[in-house]
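Student: My structure is below; once you've seen it, I'll send some questions.
The values are calculated or read from the model by the stated rules, or taken from the named source; none is laboratory data. Being a predicted model, the structure only gives us computed values, none of them experimental. Positions of Cβ are generated from backbone atoms using ideal geometry, with glycine treated the same way; all protein chains shown enter the neighbour counts. We work out accessible area using only protein heavy atoms, side chains counted, and drop any ligands, DNA or RNA first. Shrake-Rupley method; radii C 1.70, N 1.55, O 1.52, S 1.80 Å.
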Amino acid sequence: MFDDLTLQGALTMRPQVAPFFDSATSTFTYVVHAGDGTPAAIIDSVLDFDPKSGRTSTASAERVVAFVREHDLQVQWLLETHAHADHLSAAHYLKRELGGKIAIGEQIRTVQRVFKGIFNFGEEMPADGRQFDHLFAPDEVFMVGELTARALHVPGHTPADIAYQIEDAVFVGDTLFMPDVGSARCDFPGGDAHTLYRSVQKLLALPPQTRLFMCHDYPTVSRSVTCETTVDEQRRTNIHLHEGVSEEAFVEMRTARDRTLAMPVLILPAVQVNIRAGEMPAPESNGVRYLKIPLNAF
Ligand SMILES: [Fe+2]
């Protein structure tokens, strides 16, 4: 009887999820843990960057650091759902402040190879994933303290996207958005709308009450910014991918829509920092670090 109850408890673990919203890039960072004093994972952190001045700031990251310290959490993982194109990752900074392993999907090597070509990086930027402490194989299982987690490979937006399933909570990355916003774009290098459709079917096959946490929110009507929904709600009401939408219909819609979208403001600085796990390029002889702008490449 005791064993049954213990097992039941294990099956219904509900991690605590603290969201932090960066309004400049509409990005959610999450701290996931099992209570004060326990191990934690930080998902998709943000390093502030002002493209006008080229100045970085850790103001957003400091809010996360303060939360972690206040709740006496031990950071085990700094998880990236993918190499983001809309914000710079603070993973490198947070690792220095709080510890933890920086991890991403193993297909990041493909993304590194593509952008290494676009930016014409040399040997200082190996495309073998070594900048990260851990590369997840598809569906690899790992632990966050007592919490069981799984790295679900959900390519489409990029080839390397991972959705992190931690007990009953899934951090979907750039796949689904809130039901009234729909889905992530698929027109970046290596993106593919067919692939995204199939990845989303994998998420929608999870139990209906699974909590889904968004990577971004871009409300188009007057509602407040929201980070959480469920598999059931997405199946019923997602405007792009509700039950019954065929792969062909989705691909047609997604492709047409992507043609109308401008590049994200921070894509050029973000990608070259994020494929380095949030580390800046090495300083030049005058001690200043530089980012590159490829002309007419996008
Ligand atoms: Fe993204």
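Student: Give or take rounding to whole Å, what are the principal axis extents of the alpha carbon atoms in the chain, in descending order?
Tutor: That works out to 68, 47, 38 Å along the principal axes.
Student: How many percent of DSSP beta bridges within the chain run antiparallel, rounded to 5?
Tutor: 70 percent
Student: Give me the extension gain from Glu146 to Asp180: residue separation times 0.36 nm, minus the current Cα-Cα distance, reported in nm with one decimal.
Tutor: Fully extending the segment from Glu146 to Asp180 adds 8.8 nm.
Student: Could you tell me the relative contact order of region 172-285? Use alpha-carbon pairs under 8 Å, at least six residues apart, and round to a whole percent.
Tutor: Working: 127 pairs, mean separation 32.5, N = 114.
Normalised by residue count, the contact order of region 172-285 is 29 percent.
Student: Follow-up question, since we're still on this one. Report, to the nearest whole %, how much of the accessible area of the chain belongs to carbon and sulfur atoms, 1.4 Å probe, protein only.
Tutor: 53 percent
Student: Which lysines, on any chain, are close to Lys292 with Cα under 26 Å apart, when same-chain ones fewer than 8 places away are left out?
Tutor: Lys52, Lys95, Lys116
Student: With the contact rule set at Cα under 8 Å and sequence spacing of 6 or more, what percent relative contact order holds for the chain?
Tutor: That works out to 17 percent.
Student: I would also like to ask the following. For the chain, set up a GNM with springs between Cα atoms under 10 Å and report which of Gly35, Gly244, Gly191 has the largest fluctuation.
Tutor: Highest fluctuation among the options: Gly244.
Student: Still on this model: Counting Lys and Arg as +1 and Asp and Glu as -1, each charge on the Cβ, what is the dipole of the chain about the Cα centre in debye, to the nearest 20? Please report the intermediate quantities before stating the final value.
Tutor: On the way: 26 positive and 39 negative charges, 158 e Å.
Approximately 760 debye in magnitude.
Student: Taking the Cα centre of region 175-298 as origin, work out the dipole magnitude from +1 charges on Lys and Arg Cβ and -1 charges on Asp and Glu Cβ, in debye rounded to 20. Write out the running numbers ahead of the final one.
Tutor: Numbers: 13 positive and 14 negative charges, 45 e Å.
The dipole magnitude comes to about 220 debye.
Student: If the chain between Ala282 and Ala66 were fully stretched, how many nm would it gain, using 0.36 nm times the residue separation less the Cα-Cα distance?
Tutor: 74.9 nm
Student: Sorted by packing (mean other beta-carbon atoms within 10 Å per residue), highest first, where do 280-289, 59-68 land? Mind showing how you got there, number by number?
Tutor: Numbers: 280-289: 9.7, 59-68: 17.6.
Final packing ranking: 59-68, 280-289.
Student: Give the accessible surface of region 210-298 per residue, rounded to a whole number of Å², with probe radius 1.4 Å and ligands, DNA and RNA excluded.
Tutor: Per-residue accessible area for region 210-298 comes out at 56 Å².
Student: Same structure again: Could you tally the net charge around Ser183, taking each other residue with its Cβ under 11 Å from the Cβ of Ser183, Lys/Arg +1 and Asp/Glu -1?
Tutor: +1
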